[in-house]
Each structure stands twice: as C-alpha cells, then as structure tokens.
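Undergrad: I am attaching a structure below and will ask some questions about it afterwards.
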Amino acid sequence: MRLSVPRLNIPRSRPDSAIYLPLTPWAATPSKSFAEYSSSLLRRRGTLLILFAPALALLFYVVRVYVGDWDDYELDYDALASLHTSYMPFQVPTQTYTPPVVPPIPTPPSYSPPVPSFVSSQNVTYQVFPEDTPPPPTLRPHSDPLPQECIDAHFAQGVPCFAPGAPKFDFVWTWVNGSDLLEQHAKKAAMHSYDSKDPWRPSTAGTPDRMYRDHDELRHSFRSVLASFRPYLNRILLLTSDFPEPAALNLTLSASWRLSQIPQWLDLAQQTRAGWKDGDVPLNIIHHAEIFRPYVGTNFNSLAIESQLGHVKGISDHFVYMNDDLYFGIPLQPATFYTPAYGIVLHFDPGLMVPPDPPTVLTKGEWRGMGESNYMLSQRFGARHRPYVMHQAKVVSAPILSEVETIWPAAFARSASHLFRETVGPATPSDINTMLLHAHFIVERAREGLLWSWVVGKHGAMDDRWGVDEDRRAWAEVSAVGVNAGGSEVTVRAGHRYTVERERVENTLRESGMDGGMGKTSYLFSSLDGYAYAGLGLGGPFKQVTPDVAEDDLPTCTISFDECFPGYSRASDVFKYVAFENPQCGDCIITALSRASGPLGLSTFLPPAERQLADLSAKIPDRSEPIPHLPLVARYDDGDFSLRGVMGASGERNVRAWTLRVLQRYRYVVGSTPAVFEMLLDTNQVAAMLQRVNEMSDTALICINDDVQKGHETTVAPLFSEWQENRWPSPAEWERQ
C-alpha cells in the first residue's frame, strides 16, 4: 500500500473556540513511491546521505511503523479521493463554564452525569477531554421582548405589540458522510467496544447505511435556502462529525486534536478568519466535540446530536434546524418560523399522535424517543396524547431549549453519552427526542401560565388559601358562558376569535416591517386563543375558532363543578388538580375563559393590576431583569406553585406584570405550510416521484428521504443528483469551482 501524505497549509488563527490546521484533499496516488523517491534522492544527494545516514535510517523506521499503523485500520486510502469528504484537524480546548448573570436555578437532586461506557478500543482512542462537568444550564432571556408600553393591551385586548423589524435566523445543519472510510472505521471500532450484554450496544442491523449515504444533498440543501431565504439568513452553521486523528498523519499534535469531516466541495482556499462567505451570508463549521456534554467520542446517534444543539456558542435566539434531506422549494418569509408579533411557529401532524406511556420493548425506531419524551412531558404537564412534530425545517428557541435542559439535565446528558440510536436492548430509559420535547414544552408552558394566572394569580388568596368564596367566584366565571349557565354542570362552546384571521395577521406583519407578510404559511391557532390541543383527543385536525368556522362546528366541552372543584384548601392544589391531575377540567376552563374574554385577548385570565405581593426586597439579593418562570421541576408533584413559591425569589411584586412576562415567553402559533415528504425507493418510483415534486409549484418545504432498495443504488444516485442540480443550479461562493 502506498500512502499519500497530506500537504499542510499554515494555520490561521481563529477567534472562536476551535483551532484549525486545514488539510488539502487526499491525492489518489502519489507521483512516486517511497522507494523511487529514495533512489532519486541517493543519486542526487549521495554525499549528504552518507553524512546523515543514521538520521535517514531512523526516518525509514518511523515511516515503516506509521504505515503499519495505517494498515491496521484496513482502509483503502486510494478510495478516499472519490468521496465527498475532506478533513480538518481541529483542537478542542478545555471546556469551561461561566454562568450568565441570571437568577440561579436549583440543581435537581437526581442529576448525576453518566459515566462514559468506554474510552478506547481497536487502535482508536476516544478522548474524553479534560473539563469540569458543567452544571445544568441556567435560564436564558429572549433578546426581543415585547415593548413594555403595549404588553398589557396585547394580552388583555389582543392589540398588536411588537418590536419593529424582520428577524434573522441562524441555520444549523447536522451532517455526516457515512461513505467516508475513516468515519466507517470509527463506527466499526465503536460497535466493537461494547460488552456483549450491554443493552446500549448497536443492534445487529446497526444504523442503516441509508442514514449516512451521501448523494450531495447537503450542497443543494444549502443552495435551496440561499435561493429562498437569503434576506433573513444570519449565518449558516454546519455541525459535522469528528474522530481521532490517525497516527499516520504524524502531525505531532497533542491528544486534544481530532479530525473533522468537511464536504469535499467546500473550497478551503476561500476560508477566512470568519469562516466562509456567500455574499453577506457566513458559513462556519462546528464539531460534535465542541458542543457535547459529556463527549465520549465519535457519535452516530442523531437523537444524541440533536440533544446538544443548545450548546452551540452564540446561537441566535431563534434558529432553524435542518437535515441534509430538507430543501426549500419556493421563497419563504419569516412568518413560516418566527415573528416578533406572533412568536414561534410550530408545525405538527395531528394525524399521528404520540401516546403518554413510556416505550416498551415492542416500541421501535423513532417512536422510542418520541414515547420517552411524551412520557416526560406527561409527568410534568399531565398525561395526554400529543401530535407528531413534522419532519421538515424546524424553528428552535434557544432560550426554551436551555429551559428544557434545565428541567431534565440528566436525560440530556444520558442521551449525549449514547453513541448509537438503534440499540439491541432496548435499554431504558430511551434517548429523548429533543425537537418533540421543545415544541410541546412551549405549548404546555403557555397552557400552564394561563391556568396559573387565573387560579393562583387572580382568585387564590395571597397566602395561597382557597375556600368557599374562591370556589364560588371561579365557578361563576366559568359557568357564565355555558349553554346551560347556572347549574353545577355546564356545556361550553368555544367563541369565535380573530387573532389568526389571515387579513388581520397580514396587516400586523406589514406594520411590523415584514412586507412579505405570511407568504404561503397560514396560522391555525395562537396561544392568545387558549390551548391548541383542547378537543384534539387521539388525533384529527386542529380545532379552529376563526370567524369562518360555523357556530355549530366550534369545539365544545362539558365541565362539572363537583368534578373540577373537589374542595381543596390551597390555591396551588386547585391549580395542580385542574392543570395536571384532571387536565380535561383545565382544558374546558381555558375554552370557557377564552370565550368570556371576547374575540381578542385574554382579559378574563389576568390578575387585577393592583394585586401586589408583599415587599421582600430586604430578604432577596439585588437582581436586575429577573426571568419569570414557573417551577423548573421534572414532575409537577415536586413543584411549589403558590404565589410566594413562584414569585418570591424573583424580586417582582406586581402579580399581573409578572404574569404578562411569563405569558410572552411562551407565545406560539400553530402553522400550516405547504410541504411534501417523499422517499427514494427504486429507479422507476424515483423518476416518477421527482417529476411529481417538480409539478408542485406551491410546495415550500421539501423532504426527500433516502430509503433506496438494494440493487437500485447505482441507478437512483444519478437520477437524484441530476434532479438536485437542475432544481438548484447556482453554486455558492464557498463551493469549489
């Protein structure tokens, strides 16, 4: 075997956390063999060779040793040139943790970072970088809060409220080229590192090759976003795999250096201190080793990778998470993802509902992670089926992701330590599905905030007492809008709401500075209209309450005084009961109070403006801009939801002002955007499918999943590559020409 030695460029210093030594791509074969080169050198430099014979002998020995090391890897290095991968050594510095200046969050007593299952195997050492284990994250504030002068009118009366200007988003792609031989070797070594009885060892089938096959999707996924969303792009971040640096490179670097994959089409000559650029859009590469907590080596688990996205340094408050099989089909507007006027936009498929029970040995594939996550949500917010999060471009709130990890730090750390998604076990508890946790957490926090505001913030006594008078006042508000008002059991019909009426939304967005309006996206429901899952049951379309819905088609519910107000003596216990223990009560209360609030706003939920908590300033350290939140507990049973328990440490005394800031943190709309999900199967199917996608002129979000059947790989690949190139032909400036 002949080894092609890479040529090193002078390293550029970088302002971020990684230090790079860019490598040129691997040459398929060197121009001369080692023996030919030595012979030529002897003829031309005979005298010098004699003088330095001992040094040359030592050099020969070292080369023989390193070539032997690479032979142990059983890799075909001539084949490396044909792959869509280049390599970059990078150094991962010792990680340090500097908490932001925000109120401290108590660490749950159950938190115990997992111990890595291995550190080395088969000539490959998986470096666990020296670091102090960081505590769970603290809360992160939003950078664009609603203006103080309109926030009250916004929640009470539905008055538009926003900081003007169109947002910009970071886009994060996760990518790995599983066709890469070095990646394959790292995977093989990791698979063999597990004990035969370890339930977390990969399944015999392993992760299907299709999960890592490369059809040049990433390049065209980039192009599609640049073509359809450029005005709103802040930067593109590519999160890539990394693995130990092969000894044969002989770079004489410390053990903290690792080798990173980068796409072979990325032009290294275009790299600057700030990364790469296409016009005013920068591209930066980040690596798993830089964001994992803990990091135990090369990771092949997409759920583990997603669990660490919140650790990307400097990530924008709202970023869009992409896989390389996702594309934008037509120009899009920020209203598809997030706007300051309406909050984050969530896309669900209510035709698929995730049950609240933990996964069993019979639960397969992605449903294990989704099941585990919905079980966690049910322990925190009450048991219910929750809808599937669509497999398309997903917007993520970095502050919310930090909050979710603050509540479940052990689950995030546990998932990060698992190298494979498909395991023999199945071990328990399963890995989490971060995107499902994130989306449903927002919806459930908004619901929790509404019920807490009404029960504890508005009707409960300041010392948390709840008695007959509180029961009577609360029931009077709920039953007043009932079809048979005045009884101990009433039927409630939702009222028409104008919050997401299309013309109103379009006008609001344009007033806020977004001339493109909603584009192809529609809004189905808003947190300003109550609870999105009320009446959803085990599936079906979202229940809409816009003016175009006939009165008889508006959702209804029945609520009983005896069932929903069973005689608790503390406001916080009443809240827990209607919110979590008997969630149907809470859902119907929200429906009733939303109707009572009129066509806009949530006035009936809100505490009176004069309601004040006793001044505790002498007992509370001075804190600026505290971040309002409800209890950060993994189980609602463990939370203190009393007025004093929730607000006491915040420094805020006005109950209404504090409540409004809680509600604004979890604003959302449920969106609907034209999307298509297709699969690559066989040659004839792919040809017909791609033609069909081309004919969908209004499709905004495209996912084309690689599930190519055996025997069709060589015919499907050129069809798909040609289609991508025809659909998005304009190269970015960072591509090799």
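All of the numbers you see were taken from the coordinates with simple rules; none came from a lab. From a predicted model like this one, the values you see are computed outputs, not experimental measurements. Cβ: placed from backbone, ideal geometry, glycine included. Neighbour counts: every protein chain shown.
Undergrad: Evaluate the charge dipole of region 445-668 about its Cα centre and quote only its size in Debye, nearest 20, assuming +1 on the Cβ of each Lys and Arg and -1 on the Cβ of each Asp and Glu.
TA: Charge dipole, region 445-668, about its Cα centre: 520 debye, nearest 20.
Undergrad: Let me have the relative contact order for region 287-416, percent, based on Cα pairs under 8 Å that are six or more residues apart.
TA: 35
Undergrad: Right, something else. Pull up the cross-link candidates among the aspartates and glutamates for residue 576, meaning alpha carbon to alpha carbon under 18 Å and not fewer than 8 places away within one chain.
TA: Partners within reach: 444, 448, 463, 464, 470, 471, 562, 563, 587, 637, 638, 640.
Undergrad: Could you pull out the trypsin sites (Lys or Arg not before Pro) across region 647-737 that fall in loop regions by DSSP (anything but H, G, I, E, B) with no more than 13 other Cβ atoms inside 10 Å?
TA: 710
Undergrad: Also, quick follow-up: Over region 445-668, what is the relative contact order in whole percent, taking alpha-carbon pairs under 8 Å and six or more residues apart?
TA: 30
Undergrad: With θ taken as phi - 60° and the coefficients 6.51, -1.76 and 1.60, list the Karplus ³J(HN,Hα) couplings across region 540-552 in order, rounded to whole Hz; mark glycine and proline as x.
TA: Calculated HN-Hα couplings, in order: x, x, 5, 7, 8, 10, 6, x, 7, 7, 4, 3, 5 Hz.
Undergrad: Show me, for region 448-457, the HN-Hα J-couplings you get by feeding each phi into the Karplus relation (A = 6.51, B = -1.76, C = 1.60, θ = phi - 60°), rounded to Hz, glycine and proline as x.
TA: Result, rounded to whole Hz: 4, x, 5, 5, 5, 4, 7, 6, 8, x.
Undergrad: Round to a whole angstrom and tell me the spacing of the C-alpha centers of region 440-464 and region 301-352.
TA: 28
Undergrad: Sticking with this one: Rounded to whole Å, give me the distance from the Cα center of region 255-297 to that of region 524-570.
TA: 47
Undergrad: Counting only residues 5 or more places away or on other chains, whose amide H sits under 5 Å from the amide H of residue 180 once H atoms are built in the peptide plane?
TA: Answer set, sorted by chain and number: none.
Undergrad: What residues qualify as long-range amide H neighbours of residue 348, i.e. H under 5 Å apart, gap of 5 or more or another chain, H built at 1.01 Å from N?
TA: Distant-sequence amide H within range of residue 348: 390, 671.
Undergrad: Quick one: compute the contact order of region 569-673, relative version, from alpha carbon pairs under 8 angstrom and 6+ residues apart, as a percent.
TA: Averaging sequence separation for qualifying contacts and normalising by length gives 28 percent for region 569-673.
Undergrad: Which entries in the list 458/543; 168/277; 168/394 go over 19 Å, if you measure between the two C-alpha atoms of each?
TA: Distance filter (> 19 Å) returns 458/543.
Undergrad: At a Förster distance of 25 Å, what's the computed FRET efficiency of residue 582 paired with residue 549, Cβ-Cβ distance as r, to 0.05?
TA: 0.35
Undergrad: Straight-line reach only, C-alpha to C-alpha below 16 angstrom: list the aspartates and glutamates that residue 710 could link to, leaving out same-chain residues fewer than 8 apart.
TA: In chain and number order, the partners are 209, 214, 682.
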